[in-house]
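S.K.: Would you mind keeping the following structure in view while I ask a few things?
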Amino acid sequence: MSVLKNKLSGVASGAVSKSQSKVSGLLARAGFQAATNEEAIGFAQCDDLDRDHRRGLMEMDELRHEGLAGGSAEHLGGPGDGSYQGGRGVGEGAHDPVGARGSDPGDIDEAKPKISAWDAGWNVTNAIQGMFVLGLPYAILHGGYIGLFLMTFAAVVCCYTGKILIACLYEEDEDGNLVRVHNSYVDVANACCRPRFPRLGGYVVNMAQLIELLMTCVLYVVVSGNLMYNSFPDLPVSERAWSVLSTAFLIPCSFLRNLKAVSKFSLLCSLTHFVINFLVIGYCLTRARDWAWDKVKFYIDVNTFPVSIGIIVFSYTSQIFLPSLEGSMKNRNEFHSMMNWTHISACILKSVFALLAFLTWADDTKEVITDNLPTSIRATVNIFLVAKALLSYPLPFFAAVESIETSNFQDTADTWFPNCYALDGKLKTWGLTLRTVLVLSTLLMAIFIPHFALLMGLTGSFTGASLSFLLPCLFHLRLKWRQLLWHHVFFDISIFIVGVVCSVSGFINSIRGLLEAFKEDAEK
């Protein structure tokens with residue numbers, strides 16, 4: 001009996017050991033779990049070899065570009081330039097596409113000036129205090145107090161995913177120092193897809209970025225034309241003509257060369273946003289005696305609340321800009337604090353704005369809150385909104401230009417066209433022409449694509465959710481699994497699931513809206 005018992009226990013332990021070994025090996029090969037025993041030693045040796053190889057590349061790059069790029073490996077808080085779309089990580093020989101061609105280090109600093117934490121904060125504020133804020137009171141109409149809670153929750157989640165995306169740009173060296181080994185969102189995607197598909201992730205992320213950025217630019221043109229037309233309906237000017245006039249003010253964006261200049265536009269955009277908040281909230285306070293507190297619900301409308309979720313969640317997305325902003329900061333140690341104060345202030349302003357506006361108009365709250373304002377105030381607010389839309393345009397436009405130039409205009413074997421910059425760092429004439437054509441193409445799309453806002457909601461359900469929620473969590477799990485604690489894994493997986501839900505619900509509602517819009521067009 002004892003012999004049989006020993007045999008059974010031996011067989012059971014052997015089966016368990018084999019199954020654990022198979023699961024561990026599979027997960028280790030997928031990059032989500034470290035192997036044990038002999039496999040762990042092998043992975044550690046591979047990590048050492050990888051670090052040695054990367055260090056050698058960095059030293060070679062320093063010798064090759066000594067006096068120009070100031071070294072490729074950039075420690076946290078040290079100097080260095082980041083771009084929206086770099087073909088290589090910092091430790092893989094990436095360098096400034098403009099400055100590396102110059103002959104004077106001073107020209108590099110002039111061409112790519114660093115930005116302060118305040119400059120970066122204004123750019124993030126520009127991204128997360130966008131035109132979506134006009135629809136937040138409508139979200140309270142369908143979500144009540146749950147909608148207010150969701151505004152805080154979305155701020156926390158988007159701040160977290162932004163931080164973990166930046167964490168994926170860094171690795172620890174043998175001394176425990178953080179080294180920036182990736183230069184952009186695309187680099188992180190390529191690192192996650194190695195070794196089987198070393199370029200696939202970068203292509204996917206780059207395409208998603210371009211779609212999101214260019215459609216955002218087009219949306220600003222559409223909004224500008226629509227607001228001006230509704231503000232002055234008696235003038236013999238069509239909505240398309242207003243869009244053309246608005247685009248005339250955007251042509252100078254073709255001359256933008258660095259984030260320092262973009263930050264100035266973002267600062268003006270943020271100040272304009274504060275003026276709009278002041279005007280709307282000021283009017284709401286004059287009607288405080290009529291506020292309908294009893295209309296704020298604790299339950300949600302299942303049929304319409306998914307639309308509110310999309311409005312709230314996507315009003316906080318800025319992840320697409322963060323790698324370049326963080327890479328261009330003078331002191332990168334201030335990045336986390338910058339993310340905290342921008343998202344906290346945005347959460348407070350959005351919550352107060354949405355709640356007071358809903359209390360003022362209650363069940364009569366419209367999808368765009370400016371439609372509720374009296375005529376005397378509406379025209380003034382709309383003009384400020386047009387200014388805000390035009391001042392918001394440079395940030396996504398500059399990001400799109402950087403992405404296109406870095407991936408296609410670099411004078412390397414990996415790109416198709418010559419560099420857009422001359423040896424002195426100035427933009428070539430044909431490069432300036434291409435930028436101007438890009439501005440005009442956003443105008444053409446705004447004029448000729450029917451129901452563009454609904455179409456953007458459809459594509460944004462995939463690109464926006466993927467770039468802001470799904471991919472940062474996946475990349476964080478893939479690259480940092482061995483350093484993550486259990487609650488980090490729980491957060492990443494939970495946010496990924498929430499992102500999938502938001503993406504699917506937004507897609508369904510956008511399809512429904514497009515079908516209804518085309519049905520109305522057919523009836524006309």
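The values are calculated or read from the model by the stated rules, or taken from the named source; none is laboratory data. Not measured: the values here are computed from a predicted model. We place every Cβ from the backbone using ideal geometry, glycine too, and count neighbours over all the protein chains shown. Side chains are part of the model used for accessible areas, which takes the heavy atoms of the whole protein and leaves out ligands, DNA and RNA. Shrake-Rupley method; radii C 1.70, N 1.55, O 1.52, S 1.80 Å.
S.K.: Can you run phi through the Karplus equation (6.51, -1.76, 1.60; θ = phi - 60°) for the stretch 313-326 and list ³J(HN,Hα) in whole Hz, with x for Gly and Pro?
M.R.: Values, residue by residue: 5, 7, 7, 10, 7, 9, 4, 5, 9, 5, x, 6, 4, 5 Hz.
S.K.: Can you pull the one-decimal nm distance between simple spin-label points at Ser345 and Thr436, each 7 Å off the Cα toward Cβ?
M.R.: 3.7 nm
S.K.: Let me ask something else about it. Report the extension gain between Val489 and Asp175 in nm, rounded to one decimal, defined as 0.36 nm multiplied by the number of residues separating them, less their alpha carbon distance. Walk me through the numbers on the way to the answer.
M.R.: Working: separation 314, 0.36 × 314 = 113.04 nm, distance 2.57 nm.
The Val489-Asp175 span can extend by a further 110.5 nm.
S.K.: Moving on. Over the stretch 306-374, what percent of the accessible surface lies on carbon and sulfur atoms, probe 1.4 Å? List each step's numbers first, then the result.
M.R.: Details: 1300 of 2160 Å².
Summing carbon and sulfur atoms, their accessible area is 60 percent of the total for the stretch 306-374.
S.K.: Given axes a ≥ b ≥ c from the Cα gyration tensor, I'd like to know whether the stretch 145-262 is rounded (a/c under 1.5), prolate (a/b larger than b/c) or oblate. If you can, show how the numbers build up before the last one.
M.R.: Values: a/c = 2.68, a/b = 1.89, b/c = 1.41.
Note, shape of the stretch 145-262 comes out prolate.
S.K.: Pop a pseudo-label 7 angstrom from the Cα along the beta-carbon direction at both Lys297 and Asn408 and give the gap in nm to one decimal.
M.R.: Reported label-point gap for Lys297 and Asn408 is 4.8 nm.
S.K.: So which GluC sites (Glu not before Pro) in the stretch 365-450 pass both tests, a DSSP loop state and at most 16 other Cβ atoms within 10 Å of the Cβ? Please list the in-between numbers first.
M.R.: Details: sites: Glu367, Glu402, Glu405; in loops: Glu367.
Of the GluC sites (Glu not before Pro), the ones in loops of the stretch 365-450 whose Cβ has at most 16 other Cβ atoms within 10 Å are Glu367.
S.K.: Ok, one more. Taking loop as defined by DSSP and a crowding limit of 11 other beta carbons within 10 Å, which GluC sites (Glu not before Pro) in the stretch 142-213 fit? Write out the running numbers ahead of the final one.
M.R.: Values: sites: Glu171, Glu172, Glu174, Glu212; in loops: Glu174.
Loop-located and lightly packed - Glu174.
S.K.: How much length is gained if the chain between Asp521 and Phe149 is pulled fully straight, taking 0.36 nm per residue apart and subtracting their Cα-Cα distance, in nm to one decimal?
M.R.: Working: separation 372, 0.36 × 372 = 133.92 nm, distance 3.77 nm.
That works out to 130.1 nm of additional length.
S.K.: Each residue of the stretch 333-340 in turn: what ³J(HN,Hα) in whole Hz from Karplus with 6.51, -1.76, 1.60 and θ = phi - 60°, glycine and Pro shown as x?
M.R.: Once rounded to whole Hz, the list reads 5, 8, 4, 5, 5, 4, 4, 5.
S.K.: With every protein chain kept in place and ligands, DNA and RNA left out, what is the accessible area per residue of the stretch 210-264? Probe 1.4 Å, answer in Å². Write down the numbers at each step before the final one.
M.R.: On the way: 2580 Å² over 55 residues.
Here the per-residue accessible area is 47 Å².
S.K.: Something else now. Please label the shape of the stretch 231-381 as rounded, prolate or oblate, based on the square roots a ≥ b ≥ c of the eigenvalues of the alpha-carbon gyration tensor (a/c under 1.5 means rounded; beyond that, a/b larger than b/c means prolate, else oblate). Can you show the working numbers first?
M.R.: Values: a/c = 2.03, a/b = 1.25, b/c = 1.62.
In terms of gyration-tensor shape, oblate.
S.K.: In addition: Which chymotrypsin sites (Phe, Trp or Tyr not before Pro) in the stretch 259-365 pass both tests, a DSSP loop state and at most 13 other beta-carbon atoms within 10 Å? Spell out each step's value before the answer.
M.R.: On the way: sites: Phe265, Phe274, Phe278, Tyr283, Trp291, Trp293, Phe298, Tyr299, Phe314, Tyr316, Phe321, Phe335, Trp341, Phe353, Phe358, Trp361; in loops: Trp291, Phe298, Tyr299.
Here the chymotrypsin sites (Phe, Trp or Tyr not before Pro) that fit, given the DSSP loop and packing criteria, are Phe298, Tyr299.
S.K.: Given axes a ≥ b ≥ c from the Cα gyration tensor, I'd like to know whether the stretch 153-217 is rounded (a/c under 1.5), prolate (a/b larger than b/c) or oblate. Mind dumping the intermediate values first?
M.R.: Details: a/c = 2.46, a/b = 1.21, b/c = 2.04.
Verdict is oblate for the stretch 153-217.
S.K.: Looking at this model, which pairs from Lys264/Lys366; Lys163/Lys297; Lys366/Lys519 are more than 28 angstrom apart at the alpha-carbon? Before the final figure, lay out the partial values.
M.R.: On the way: Lys264/Lys366 33 Å; Lys163/Lys297 34 Å; Lys366/Lys519 22 Å.
Too far apart for the 28 Å limit: Lys264/Lys366; Lys163/Lys297.
S.K.: Amide H of Ile115 versus every other amide H placed in the peptide plane: which residues, excluding those fewer than 5 positions away on the same chain, fall under 5 Å?
M.R.: Residues meeting the criterion, in which the H sits 1.01 Å from N, are Met329, Lys330.
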